[in-house]
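The structure appears below as structure tokens.
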Amino acid sequence: MGKLTAIHEIRCDADTFWKTFFDERYNAKLFLEHLGYAEHRVVEARETDTELVRKIVAKPKLSMPGPVAKLIGDNFRYTEEGVFDKAARIWRFKVVPSVQADKMRTEGTVRVEPAGEGKVRRVAQVTIEAKIFGVGGLVESASEKQVQKSMEDGAAFMNDYLRGAAR
């Protein structure tokens, strides 16, 4: 099982971060244009006084080692199910893959904390587990690298977007 913590500075306040994080236009630009996903769409979104619930279906552009690529196939997709707790200001999510869903688990949290004037630190903590005989460790390692790279690229893109450079 792999545990990943990714911390990135985002040049905005917490309210702007969360508004952008949930903005569909921003997400389309990030995932479809910048990260090269073939698909990224919200299939469910609802909001109450205490939480925001969102479900996304996505087909990411993947760069995986041969055995992992063979295992997941060309049509790999995932469903991300998440809940934003408005009081705690934490996004909790789990990712359900289109293959081997009973053997793979990815879940985590995203939160922001103050990082000085006009900045926040985005803290993402992700657990990745693959209970697949013979290749579980390889799947976990490859997935961690993919998530880490996406987080880094996403943080840089959000900063560009907020500055107006990526709109």
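The values are calculated or read from the model by the stated rules, or taken from the named source; none is laboratory data. Just so it is clear, the model here is predicted, and its values are computed rather than measured. A quick note on method: Cβ atoms are made from the backbone with ideal geometry, for glycine too, and the neighbour counts reach across all protein chains shown.
Mind checking which pairs have a first residue in region 39-53 that is without any contact (Cβ under 8 Å) to a residue 12 or more places away in the chain and more than 19 Å from Y26 (Cβ to Cβ) and a second that is among the hydrophobic types (A, V, I, L, M, F, W, C) and surrounded by 11 or more Cβ atoms within 10 Å (Cβ to Cβ), Cβ under 8 Å, 6 or more apart or different chains?
That search, which allows pairs on different chains as well, returns R46/L52; R46/V53.
Of the residues that make up region 86-97, is at least one part of a strand (DSSP E or B), modelled with pLDDT under 95 and not charged (D, E, K, R)?
Within region 86-97 (the criterion being part of a strand (DSSP E or B), modelled with pLDDT under 95 and not charged (D, E, K, R)), the answer is yes, since at least one residue qualifies.
So is S143 of a type in the set (S, T, N, Q), under 17 Å from the mean Cα position of the chain (by Cα) and crowded, with 16+ Cβ neighbours inside 10 Å or not?
yes
Here is a yes/no grid of residues against (1) crowded, with 17+ Cβ neighbours inside 10 Å; (2) part of a strand (DSSP E or B); (3) not polar (S, T, N, Q):
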{"position": "T5", "(1), (2), (3)": "no, yes, no"}
{"position": "H8", "(1), (2), (3)": "yes, yes, yes"}
{"position": "L30", "(1), (2), (3)": "yes, no, yes"}
{"position": "R41", "(1), (2), (3)": "no, yes, yes"}
{"position": "V53", "(1), (2), (3)": "no, yes, yes"}
{"position": "P67", "(1), (2), (3)": "no, no, yes"}
{"position": "L71", "(1), (2), (3)": "yes, no, yes"}
{"position": "F76", "(1), (2), (3)": "yes, no, yes"}
{"position": "F84", "(1), (2), (3)": "yes, yes, yes"}
